[in-house]
Amino acid sequence: MLKAKVYVTIKQSVLDPQGVAVQGALHSIGFKEVESLRIGKYMELELDTDNREEAEQRVKEMCEKLLANTVVENYRYELEG
Amino acid sequence: MRFAVLVFPGSNCDIDCYKAVEETIGQPVDYVWHTATDLSAYDCILVPGGFSYGDYLRCGAISRFAPVMNEVAKAAEEGKYILGICNGFQILTEAGLLPGALRRNDSMKFRCHDTVLKVNNNTTPFTRGYAEGQEIVIPIAHGEGNYYCDEETLQKLRDNRQIVFTYQDNPNGSVADIAGICNERGNVIGMMPHPERAVSSLLGSDDGKAMFTSILQAWRDTHGAANIR
């Protein structure tokens with residue numbers, strides 16, 4: 001059994017209105033040092049395989065096909081176990 | 001001319017689309033469930049608005065893998081007319097049938113009001129009933145209608161005249177005020193505003209009517225009078 005942790009983030013070139021709003025909220029409660037804030041998604045997947053190489057390829061495929069929209073998002077992942 | 005209105009779990013503008021076809025042009029129209037595997041009977045496919053699959057993950061991300069979407073891709077390939085409205089537009093971009101993506105509105109608000117659109121291209125099958133540059137009033141209702149594409153794609157959209165509608169007063173932060181685009185061939189169009197909600201002055205505007213009459217006229221012109229039912 002392998003565990004995959006997938007992180008999906010909005011590309012730097014793409015505006016993240018949610019991040020901007022949350023940054024503004026932090027500023028308003030005194031955390032002025034926050035220079036930028038980007039919101040992304042974190043997903044945990046449990047995979048029924050012990051083959052790391054195959055798992056890596058499959059997770060990449062999942063990201064490309066569904067988990068991220070590569071027009072506006074980047075992704076990265078870690079395999080554990 | 002036969003119309004299909006696709007229905008996904010969570011679609012909520014399907015009835016509006018169905019009624020708009022019935023009332024503007026009186027052509028045969030069917031609801032088609034997302035599991036359908038044959039759209040060959042239809043000449044035009046409407047992908048309606050709503051919150052298909054609860055907008056989980058991203059708007060349209062899950063719907064694009066519904067069985068019927070393979071048939072939509074096939075229909076697009078065959079040159080049939082495909083109109084995606086609101087969530088339908090999001091689904092068509094996720095499916096790669098139209099370029100770009102739709103992000104959260106820059107205001108972070110769900111915007112639900114009339115907008116003034118400019119018809120930038122009146123040579124598509126969907127807009128031939130409008131004048132070039134005509135201003136029309138069509139309502140929007142979305143939280144994620146902020147169109148994005150990179151510079152290179154934007155240039156392509158401009159060069160091929162794929163920007164069909166632009167907002168006069170950008171409500172969501174869309175790149176280049178884009179409200180609706182078509183594919184290179186011009187038979188697939190996606191737009192955030194709802195023409196099906198603007199087909200009678202009782203609804204506040206009947207400026208959306210011409211989209212439906214345009215589609216019928218385009219189809220008649222390419223299929224000859226003999227096919228008119």
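The values are calculated or read from the model by the stated rules, or taken from the named source; none is laboratory data. Bear in mind the structure is a predicted one, so any value in this text is a computation, not a measurement. For neighbour counting, all protein chains shown are included, and Cβ atoms are generated from backbone atoms with ideal geometry for every residue, glycine included. All accessible areas refer to the heavy atoms of the entire protein, side chains included, with ligands and DNA or RNA removed. Shrake-Rupley method; radii C 1.70, N 1.55, O 1.52, S 1.80 Å.
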Requested in this report: Output the antiparallel fraction of DSSP beta bridges having both residues in the protein assembly as shown, as a percent to the nearest 5.
Outcome: 70 percent
Query raised in the report: Relative contact order (percent) for chain B, with alpha-carbon contacts under 8 angstrom and 6 or more residues of separation?
Result: 20 percent
**Report entry** Given charges at Cβ of Lys, Arg, Asp, Glu: the stretch B:1-62 dipole, positive-most of B:Ala36, B:Ala61, B:Asn12
**Finding:** B:Ala61
**Report entry** Assigned charges on the beta-carbon of Lys, Arg, Asp, Glu; the stretch A:2-80 dipole about Cα centre (debye)
**Finding:** 400 debye
Query - Compactness of the stretch B:3-225 as Cα Rg over 2.2 N^0.38 Å, two decimals - result: 0.91
Report summary line: Between the modelled labels at B:Leu203 and B:Val137 (7 Å from Cα along Cα→Cβ) the distance in nm is 1.4 nm
**Report entry** Fluctuation leader among B:Ser63, B:Ser40, B:Ser174 - chain B, Gaussian network, Cα springs under 10 angstrom
**Finding:** B:Ser40
Query raised in the report: Given Cα pairs under 8 Å that are at least 6 residues apart, what percent is the relative contact order of chain A?
Result: 53 percent
Requested in this report: Estimate the FRET efficiency between A:Phe31 and A:Met1 by the formula 1/(1 + (r/R0)^6), using the beta-carbon distance for r and 25 Å for R0, to the nearest 0.05.
Outcome: 0.05
Query raised in the report: Say the dipole of chain A comes from +1 at the beta carbon of Lys and Arg and -1 at that of Asp and Glu; which of A:Met62, A:Gln18, A:Met43 then lies farthest toward its positive end?
Result: A:Gln18
Requested in this report: Give me D for the protein assembly as shown in µm² s⁻¹, whole number, from Stokes-Einstein with Rh from the Kirkwood sum over alpha-carbon pairs, 4 °C and 1.567 mPa s.
Outcome: 63 µm²/s
Query raised in the report: Considering only chain B, what is the antiparallel percent among its DSSP beta bridges, to the nearest 5?
Result: 60 percent
Report task. Provide the per-residue ³J(HN,Hα) series for the stretch B:84-96, in order, calculated from phi with Karplus coefficients 6.51, -1.76, 1.60 and θ = phi - 60°, each as a whole number of Hz, with x at glycine and proline positions. Result -> x, 10, 6, 4, x, 5, 4, 5, 5, 6, 4, 6, x
Query raised in the report: Sorted by packing (mean other beta-carbon atoms within 10 Å per residue), highest first, where do A:68-75, A:47-54, B:190-197 land?
Result: B:190-197, A:68-75, A:47-54
Report task. Using Cα pairs closer than 8 Å and at least 6 residues apart in sequence, work out the relative contact order for the stretch B:146-229, in percent. Result -> 17 percent
Requested in this report: With +1 on each Lys and Arg Cβ and -1 on each Asp and Glu Cβ, and nothing else charged, work out how big the dipole of chain B is about its Cα centre, in Debye to the nearest 20.
Outcome: 100 debye
Query raised in the report: Okay, helix-only estimate at 222 nm for the protein assembly as shown: each DSSP H run of n ≥ 4 adds -39500 (n - 2.57), divide by all residues, round to 500 deg cm²/dmol; what do you get?
Result: -7500 deg cm²/dmol
Report task. Write out the chymotrypsin sites (Phe, Trp or Tyr not before Pro) in the stretch A:3-47 meeting two conditions: DSSP loop, and at most 16 other Cβ atoms within 10 Å of their Cβ. Result -> A:Phe31
Query raised in the report: Projected onto the charge dipole of the stretch B:3-225 (+1 at Lys/Arg Cβ, -1 at Asp/Glu Cβ, origin at the Cα centre), which of B:Thr213, B:Gly186, B:Leu154 gives the Cα projection farthest towards the positive end?
Result: B:Leu154
Report summary line: Phi-derived 3J(HN,Hα) across the stretch B:141-147 with the Karplus relation (6.51, -1.76, 1.60, θ = phi - 60°), rounded Hz, x for Gly and Pro, is 7, 7, x, 10, x, 7, 5
Requested in this report: With r as the distance between the Cβ atoms of B:Arg185 and B:Glu151 and R0 = 30 Å, compute the FRET efficiency 1/(1 + (r/R0)^6) and round to 0.05.
Outcome: 0.85
Query - DSSP beta bridges in the stretch B:1-105 [antiparallel fraction, %, rounded to 5] - result: 10 percent
Query raised in the report: Using 0.36 nm per residue, how much length does the chain from B:Asp114 to B:Ile15 gain when fully extended, once their Cα-Cα distance is taken away?
Result: 33.6 nm
Query raised in the report: How big a patch of accessible area, both sides summed and in Å² to the nearest 100, lies buried between B and A at a 1.4 Å probe?
Result: 1200 Å²
**Report entry** Electrostatic dipole magnitude of the protein assembly as shown [Cβ: Lys, Arg +1; Asp, Glu -1; Cα centre; debye, to 20]
**Finding:** 400 debye
